[in-house]
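Report on the structure given below.
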C-alpha cells in the first residue's frame, strides 16, 4: 500500500509540475512556484498525508494490536513518537524524488537562465514543515477513532481548512478576522517560501502545532485508562 | 505476585468490575471463570496495565502498576482476547519486533525467539505471513510473544478459543509446565479448562467474585450435604418414614414417580432424594431397609456435582438477584 501511495503521489506531482511548465513556456516565472505554487500538487500532498496517517492508530485500535503495543514495556509517548517518525520518514522519502524534476529541467534546458536553487530549497523547507505539522494532525485524528475512513476524511478536512484558510477569509466578514486568517493560511506561507522568502513566524507556527498535536495524541491514547 | 485491593472499574455506561480484592501467590495457576460480560476481560486488562482502575490499586510483584507501570509490564506476559497480530508481517519478523519492543538485548534475541518457537510449535511456520496462518497458529504465535521476555507472570485471556482439541491439550500441558516457574492467570468461560489447569478458581459474575477456591473445594462447598437418589417400589408414606430413620439421613424428598416407564410391574415405583450428612454413606443402610421390607430397589446412586453445577448455581442465582 505504501508503494501505491508513493507512486500515485509522484504521478500527480509530476503532472502538476508539467502543467505550468507548458503554460508559461517562454515566460518568466519563479522556479519555486512551478512546483510549490501549484494547487494540484498541494491537494495531492494533503490527500497523501491523510492516507499515510489514517491507519496509524485507527487500524491498531480496530484489530486490537494497540492493546499488545501499549502493554509492552514502552511508554505511550514512545509509541506515539515511533509512529510519528515512521510516517514522517515515509513522507520525506516520498517527496524527495520530486527534486528530480528540477535536475531534469536543468539537464533538458541548459540554456535556461541560471537556475536559482534558493527558492527550491525554501520550497522544500515549506513542504516538509507543513508535512510534519499535518502528519501530527492526521495522527491525532487517527488516535480518536477505530475507523480508518473516518480518520482519513477527518484529517483531510482538517488540514484542508488549515491550508486553504485564506479562502475561508472570503466568506467571513471583518478586516481583523481576514487579516488573521491570511496570516495563518498555509497558501500564503507557501507562496512566500516558494519565492525564496524565509519567515521565521510560520516556522515557529508549524513546529509548535506539530508539538501540540503529538502531545494531544499521547493524551488521546492515555485517555483509554480513564474512560 | 499479584495483589488487587478493592478494584472497581467503571465505564461510562456500566460497572465492569466492582470492588474486587484478591491475591495470587508466586507459581500459582489461577483461573477466572464467568459467563460472557462478567468482567473477566476488563480485569485482565487492569492486571496487564492496559486500563487503570477507577478505584483501588493493583500490585504486581509488589509494584503499584499505576506508578511503576513499565517495571510491572516487564514482568508480565499478556495474551489479549482474540490474540491480535499484524497480518502483513512474517512470524519471525513479528517475534523479532516484539522482542525488540520488550527490550531483549540483541545477543539474546535470536536464542529467545528459537526457544519460544520450539515451545509453541511454530518452527514450521517461521517464514509464513501471519495473515495466512490458521487461527490456532495465530494464537500460538501470540502466546510465544507473551513468553518471549521470560515473564514472571502470564496473563492469558481466553487462551484456548479457536484451538482444536490436540492444540488445547498441548497448550494445557505447556501452561502446566510453565506453571512451575511462572505465575499464570487465565480468564476463561470453559469449565473443563479451568478444572484441568487451575489450582484455584475465581468465579465471576456481574463484575464481582462470587466464589474462590480450588476446583475440588468449590464442588464440595456446593454439595454441602451429599445427596443420594433411590428408586424403590413400596408404599410411599411408609418408605419415607423408614428412610427418615436411617442414621445420617437429614431429609427425605419424594421426587416423584419413577423416571422411566419401565415400572409397569409395580405401580409403586417412586424416586426419592435423601439429603445426608457429608462423610457418611447411607447406601448400605437404605439397601438393608429395602431388603428387609421386601421392597424392590433398582437404583441407588450418589449425586456427584461438577464444577459446572457450581458455576451455573452461582452465576444464575446472582444473576436473578
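On the basis of being within 30 Å of residue B:138 (Cα to Cα), outside any helix (DSSP H, G or I) and at pLDDT 80 or above, does residue B:194 make the cut?
Numbers: within 30 Å of residue B:138 (Cα to Cα): yes; outside any helix (DSSP H, G or I): no; at pLDDT 80 or above: yes.
In short, no.
Return the residues of the range B:18-46 that are within 17 Å of residue B:81 (Cα to Cα) and in contact with a helix residue (DSSP H, G or I) (Cβ under 9 Å, 6 or more places away or on another chain); say none if nothing qualifies.
B:31, B:32, B:33, B:34, B:35, B:38, B:45, listed by residue number.
When you scan the range B:194-203, do you find a residue that is free of Cβ contacts under 8 Å to residues at least 40 places away in the same chain and more than 16 Å from the chain's Cα centre (by Cα), even just one?
no
Could you look through the range A:100-115, keep only residues that are surrounded by 10 or more Cβ atoms within 10 Å (Cβ to Cβ) and modelled with pLDDT under 75, and pick out the one that is farthest from residue A:198 (Cα to Cα)? Step through it out loud before you land on a result.
Within the range A:100-115, the first condition is being surrounded by 10 or more Cβ atoms within 10 Å (Cβ to Cβ), and the residues that meet it are A:100-106, A:109, A:112, A:115.
Among the residues that remain, those that are also modelled with pLDDT under 75 are: A:109, A:112, A:115.
Values: A:109: 28, A:112: 25, A:115: 19 Å.
Filtering the range A:100-115 for residues that are surrounded by 10 or more Cβ atoms within 10 Å (Cβ to Cβ) and modelled with pLDDT under 75, the one farthest from residue A:198 (Cα to Cα) comes out as A:109.
Among (1) under 23 Å from residue B:135 (Cβ atoms); (2) surrounded by 21 or more Cβ atoms within 10 Å (Cβ to Cβ), which single condition is residue B:17 missing?
It fails just one condition, (1).
Can you pull out the residues in the range A:67-80 that are surrounded by 22 or more Cβ atoms within 10 Å (Cβ to Cβ) and more than 8 Å from chain B (Cβ to nearest Cβ)?
Scanning the range A:67-80 gives a single hit, A:80.
Of the conditions (1) buried (at least 18 other Cβ atoms within 10 Å of the Cβ); (2) within 14 Å of chain B (Cβ to nearest Cβ); (3) part of a helix (DSSP H, G or I), residue A:46 satisfies every one except a single condition; which number is it?
Result: residue A:46 passes all but (2).
Which of the numbered conditions does residue B:78 fail, given that it passes all the others? Conditions: (1) under 26 Å from residue B:173 (Cα atoms); (2) free of Cβ contacts under 8 Å to residues at least 60 places away in the same chain; (3) under 25 Å from the mean Cα position of the chain (by Cα).
(2)
Out of B:212, B:146, I need the residue that is touching a residue at least 40 places away in the same chain (Cβ under 8 Å) and farther than 18 Å from residue B:48 by Cβ. Which one? Talk me through it step by step, then tell me what you get.
Numbers: B:146 fails: farther than 18 Å from residue B:48 by Cβ.
Unique residue meeting the criteria: B:212.
Inspect all residues belonging to the range B:156-166 and state whether any of them is touching a strand residue (DSSP E or B) at 6+ places or on another chain (Cβ under 7 Å), touching a residue at least 24 places away in the same chain (Cβ under 8 Å), at negative phi and assigned to a helix (DSSP H, G or I).
There is no residue in the range B:156-166 that is touching a strand residue (DSSP E or B) at 6+ places or on another chain (Cβ under 7 Å), touching a residue at least 24 places away in the same chain (Cβ under 8 Å), at negative phi and assigned to a helix (DSSP H, G or I).
Check off (1) at the interface with another protein chain (Cβ under 10 Å from one of its Cβ atoms); (2) on the phi < 0 side of the Ramachandran plot; (3) buried (at least 20 other Cβ atoms within 10 Å of the Cβ) for residue B:12 and give me the number that stays unchecked.
Exception for residue B:12: condition (3).
If I go through the range B:167-182 residue by residue, how many of them are under 19 Å from residue B:75 (Cβ atoms), in a helix (DSSP H, G or I) and out of contact with any strand residue (DSSP E or B) (no Cβ under 8 Å at 6 or more places or on another chain)?
Counting residues in the range B:167-182 that are under 19 Å from residue B:75 (Cβ atoms), in a helix (DSSP H, G or I) and out of contact with any strand residue (DSSP E or B) (no Cβ under 8 Å at 6 or more places or on another chain) gives 0.
With (1) touching a helix residue (DSSP H, G or I) at 6+ places or on another chain (Cβ under 8 Å); (2) at the interface with another protein chain (Cβ under 8 Å from one of its Cβ atoms); (3) over 30 Å from residue B:134 (Cβ atoms) as the list, and residue B:74 as the residue in question, which single condition is left unmet?
Tallying (1) touching a helix residue (DSSP H, G or I) at 6+ places or on another chain (Cβ under 8 Å); (2) at the interface with another protein chain (Cβ under 8 Å from one of its Cβ atoms); (3) over 30 Å from residue B:134 (Cβ atoms), residue B:74 fails exactly one: (1).
Provide a single number: the residues in the range B:125-136 that are without any contact (Cβ under 8 Å) to a residue 24 or more places away in the chain, under 16 Å from residue B:166 (Cα atoms) and in a helix (DSSP H, G or I).
So the count comes out to 0.
Look through A:127, A:144 and report the one residue that is closer than 19 Å to residue A:98 by Cβ and touching a helix residue (DSSP H, G or I) at 6+ places or on another chain (Cβ under 9 Å).
A:127
Under the condition of being modelled with pLDDT of 60 or more and surrounded by fewer than 16 Cβ atoms within 10 Å (Cβ to Cβ), which residue from the range B:255-265 is nearest to the chain's Cα centre (by Cα)?
Selected residue: B:255.
Against the condition within 14 Å of another protein chain (Cβ to nearest Cβ), touching a strand residue (DSSP E or B) at 6+ places or on another chain (Cβ under 9 Å) and on the phi < 0 side of the Ramachandran plot, how does residue B:105 come out, does it pass?
no
Going through A:179, A:216, A:136 one at a time, which residue ends up being assigned to a helix (DSSP H, G or I) and either out of contact with any helix residue (DSSP H, G or I) (no Cβ under 9 Å at 6 or more places or on another chain) or buried (at least 19 other Cβ atoms within 10 Å of the Cβ) (or both)?
Checking each option against the conditions leaves just A:136.
Exactly one of (1) modelled with pLDDT of 85 or more; (2) in a helix (DSSP H, G or I); (3) in contact with a helix residue (DSSP H, G or I) (Cβ under 9 Å, 6 or more places away or on another chain) is unmet by residue B:218. Its number?
Among (1) modelled with pLDDT of 85 or more; (2) in a helix (DSSP H, G or I); (3) in contact with a helix residue (DSSP H, G or I) (Cβ under 9 Å, 6 or more places away or on another chain), the lone unmet condition for residue B:218 is (1).
The rows are residues; the columns are (1) closer than 12 Å to residue B:187 by Cβ; (2) surrounded by fewer than 19 Cβ atoms within 10 Å (Cβ to Cβ); (3) more than 11 Å from chain A (Cβ to nearest Cβ).
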| site | (1), (2), (3) |
| --- | --- |
| B:34 | yes, no, yes |
| B:50 | no, no, no |
| B:66 | no, yes, no |
| B:79 | yes, no, no |
| B:85 | no, no, no |
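Looking only at strands (runs of 3 or more DSSP E) that lie completely in the range B:23-121, which have at least 3 residues being modelled with pLDDT under 90 and assigned by TED's automatic domain parsing to the domain that holds residue B:159?
Where strands (runs of 3 or more DSSP E) fall fully within the range B:23-121, none carries at least 3 residues being modelled with pLDDT under 90 and assigned by TED's automatic domain parsing to the domain that holds residue B:159.
Each row is one residue, and each column tells you yes or no for (1) surrounded by 19 or more Cβ atoms within 10 Å (Cβ to Cβ); (2) closer than 27 Å to residue B:15 by Cα; (3) not assigned by TED's automatic domain parsing to the domain that holds residue B:29.
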site	(1), (2), (3)
B:138	yes, no, no
B:148	yes, no, no
B:166	no, no, no
B:185	yes, yes, no
B:191	yes, yes, no
B:199	no, no, no
B:202	yes, yes, no
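The values are calculated or read from the model by the stated rules, or taken from the named source; none is laboratory data. All values reported here derive from a predicted model rather than from experimental measurement. No Cβ is skipped: glycine too gets one built from the backbone with ideal geometry, and neighbour counts run over all protein chains shown.
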